[in-house]
Amino acid sequence: MQLPNLNAARLRTNAAVDYVYLNSENNSPFTNQKYFLKTYGCQMNVHDSEEIAAHLSSLGYTKTEDLKEADIVILNTCAIRENAHDKVFGFLGRCKHLKKEKPNLIIGLCGCMAQEENVVSEIRAHHPYVDLVFGTHNIHELPQLILEKQKEQAINVYSYEGKVFENIPYNRDSQIKAWVNIQYGCDKFCTYCIVPYTRGKQRSRKSQDILKEVEDLKDAGYQEVTLLGQNVNAYGKDLEGEMSFADLLEAVSKTGIPRIRFVTSHPWDFTDAMIETIAKYPNIMPYIHLPLQSGSSRILKLMGRRYTKEEYLHLYQTIKEKVPNVAITTDIIVGFPNETAEDFEETLDVVNTCQFDGAYTFIYSPREGTPAAKMLDAIDLPTKEERLQRLNTLINHYSKIANTKYVGKTVKVLVEGPSEKGKDKLFGYTETMKLVNFPGSQDLIGEIIDVEITAAKSFSLDGEVVKDAITNH
Ligand code: SAH
Ligand code: SF4
Ligand code: F3S
């Protein structure tokens, strides 16, 4: 087989360069072949998958949603909780089976699990049918690995600590809203969390590169950007002379892109300047994901979260007072080692006080290599499950209340596409990140329109388009 020249992939390791890719005219052996890409985990992974897709299509592959059609399968994995491991190896088992019928099938694993040494050893020892393994720091070397695979199992997981690449190609999933990385990695080392190990130290992108990307997206007709990072409020702290997150938000706002979101905010790094900026600029959306993790100051200390229950509540109230109509969601972990019934009641107390718009809730999962995994834990699983259930009931109760407040109101919705809720229905999100389903013409897709909310469900709203009220941009 004639192998294409993949200098581009190597070049990236030395400097930020433009990609010079081969394409089908270069007689790529992969033209007419199909890729199946499965993504687990957070928005970081979703966005990384857009890069993976770009590399695969630059080699000549086209996308398929049907596993059986695939010539290459890539699993972009998450390591945040242990159960991810079983899901991924279960899926690999299916791929192994497929490979019996289709011996040339290429199977690749990447993402946060690929950064775990024990996972890589397990694959090396017991899963020889996995052709490629690559980490979160070397996605750009995928084309190279696909070629190396022609010889033997190719494992390429290492760290480019301190490096930030620019000019990354993306096959974006949407032409309406886009992810924009503003930082990589995390320096917080919360004691339960594996992310600093799988993603490395915090590295911020230069503000001028971020602003250029947002400008380009705006020029391409994008209506919304979401600034991405594990701890966006700490933006710039690792770069000398770089602007703060509040200033970055202001600069992004001034590009005039219609909608700006950001995720995830760490309470410890949230400043008054950020709150003022969010309140001041109408294109910065009044929606904040502000993970609480626990309502008990004792547990928060053991988690290494750097704030107390009182400090969280103070921040929460300040945001609510200063940002009109803001919606706040959160993440909560139950069953951290030795969380007592009293600790858990403190969490319920914060939920009752804050009445969050929504929350992602998790049972604590020990992750090998993190400090919390070494803590002794006397609390049994049924107790943790019961707590999770109680917490979820309360969270759902407040979500429903928050949604009910929208009934009868007219809100701005960015229309994203046809709804799963029925023929001739569309869906979109309010400024406060509420999902709305409503009847309407496909012409509205990509527009920000006024929708009157007619009914509230636990996790979505129903509405009617307010006629002749399409916002002009
Ligand atoms: N950077 C974000 C969170 C990233 S991980 C932040 O600091 O908030 C997403 C969520 O997964 C976390 O907020 C936490 O609630 C949950 N999580 C992380 N590690 C976990 C673990 N070991 N067990 C259970 N949940 C965990
Ligand atoms: Fe994990 Fe904490 Fe970093 Fe979030 S801030 S990614 S929870 S270590
Ligand atoms: Fe999972 Fe990695 Fe994100 S561990 S939550 S995919 S950063």
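The values are calculated or read from the model by the stated rules, or taken from the named source; none is laboratory data. Remember, it's a predicted structure, so these values are computed and weren't measured experimentally. Ideal geometry is used to build each Cβ from the backbone, glycine not excepted, and the neighbour counts take in all protein chains shown. When the accessible area is computed, the model is the full protein with side chains, heavy atoms only, and any ligands, DNA or RNA have been set aside. Shrake-Rupley method; radii C 1.70, N 1.55, O 1.52, S 1.80 Å.
Could you tell me which helices of the chain pass both thresholds, a Cα extent of 15 Å or more along their own axis and a mean Kyte-Doolittle hydropathy of at least -0.5, with helices taken as whole DSSP H runs?
Working: long enough: 43-59 (25 Å, -0.26); 83-101 (29 Å, -0.85); 207-219 (18 Å, -1.02); 309-322 (20 Å, -1.44); 341-354 (20 Å, -0.22); 381-404 (34 Å, -0.87).
Length and hydropathy pass: 43-59, 341-354.
Dividing the alpha-carbon radius of gyration of the chain by 2.2 N^0.38 Å (N being the number of residues), what value is obtained?
1.01
Sorted by mean Cβ packing within 10 Å, highest first, what order do the peptides 174-183, 212-221, 376-385 take?
On the way: 174-183: 20.4, 212-221: 15.1, 376-385: 12.2.
Top to bottom by mean Cβ count within 10 Å: 174-183, 212-221, 376-385.
Straight distance only, please: which lysines reach the Cα of Lys188 with their own Cα at less than 21 Å, same-chain residues fewer than 8 apart left out?
Lys163, Lys201, Lys206, Lys237, Lys301, Lys309, Lys374
Would you mind working out the accessible area per residue for region 122-226, using a 1.4 Å probe, and quoting it in Å²? Write down the numbers at each step before the final one.
Values: 4290 Å² over 105 residues.
Roughly 41 Å² per residue, with all protein chains present.
Which aspartates and glutamates have a Cα lying under 12 Å from the Cα of Lys102, excluding residues fewer than 8 positions away in the same chain?
Glu69, Asp71
Can you tell me the dipole magnitude for the chain around its Cα centre, using point charges on the Cβ only (Lys, Arg +1; Asp, Glu -1), in Debye to the nearest 20?
560
Sort 278-289, 450-461, 228-239 by the packing proxy (mean of other Cβ within 10 Å over each peptide's residues), most packed first.
228-239, 278-289, 450-461
At 0.36 nm per residue, and after removing the present C-alpha to C-alpha distance, how many nm does the segment from Ser460 to Lys102 gain when stretched out fully? Provide the component values of the computation, followed by the final result.
Numbers: separation 358, 0.36 × 358 = 128.88 nm, distance 4.25 nm.
This chain segment gains 124.6 nm when fully extended.
Please work out the average accessible area per residue across region 52-112, using the 1.4 Å probe convention, and give it in Å². Show your work: numbers first, answer last.
Values: 2600 Å² over 61 residues.
The answer is 43 Å² per residue.
First compute the accessible area of the chain with a 1.4 Å probe, then give the percent of it belonging to carbon and sulfur atoms.
Its accessible area is 49 percent carbon and sulfur atoms.
Pop the C-beta distance of Thr308 and Lys400 into the FRET formula with R0 = 30 Å and round what comes out to the nearest 0.05.
Efficiency for this residue pair is about 0.55.
Quick check for you: with a 1.4 Å probe and neighbouring chains kept, what is the accessible area per residue of region 286-404, in Å²? Mind dumping the intermediate values first?
Details: 5370 Å² over 119 residues.
Dividing the accessible area of region 286-404 by its residue count gives 45 Å².
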